[in-house]
Amino acid sequence: MIAYLVLGATYAFASAVQPGPFQTYLISQSLANGWRRTLPAALAPVLSDGPIILLVLLVLTRVPAAFEGVLRCVGGLFVLYLAAGAFRSWRHYQSGTAPAPGSAPSGVWSATFVNLLNPNPYLAWSLVMGPLLMAAWRETPARGAAFLVGFYATLVVTSGGFIVLFGRARDLGPRVGRVLIGVSAVALAGLGCYQLWWGTRALLA
């Protein structure tokens, strides 16, 4: 059981530190709204991955490969939408301005939606995580549960660490905070364009 717990934690840490739409979104939100209001968004994978796991294990392996291209295109458009929001935050940024009431819950659901449209969890669960979970569950359900606990506990803690780290950077001053938000907007735009390019290429192929 300990082995599967460590295995899940290892894969979670590797996933959390890799750049992607979800990580970039967390960073941009922590810079714009502060780490305290953004921290609940670290729970987004716990909310989104249930449907992803079911979809991957039951459906994704039976659909054409072009589905990945469609998913990347839709995800790319949504990431570009987030980039536009980050750009507006950059234009109107004022250090110390309190976010609007309810911004934290909307951040959680936006982050959940980002993860649902992010192809990385689908690919990870279909190629690596899914087979490991099934193998652990076949041995004993407790080992399968240990694998999931190790994975999601590590993923949430690591994502929360990123949020706090970049949220603290926001307190270095208005110029630094504004520059970092601008960088996150550019990064989101780049990721959105990359996903659109990759998805279009996959569909054409």
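Here, each number is a calculation from the coordinates, and none is a lab measurement. These figures come from a predicted structure and were not determined experimentally. Backbone-built Cβ (ideal geometry, glycine too); neighbour counts: all protein chains shown.
Packing around the peptides 111-120, 77-86, 133-142, taken as the average count of other Cβ atoms within 10 Å per residue, puts them in this order, highest first: 111-120, 77-86, 133-142.
Label positions at LEU57 and ALA205, each projected 7 Å from the Cα along the C-beta direction, are separated by 2.9 nm. Cα convex hull, region 20-87: 82 Å³ per residue, rounded to a whole number. Taken along the Cα-to-beta-carbon direction at a fixed 7 Å, the label points for ARG36 and TYR194 span 3.4 nm.
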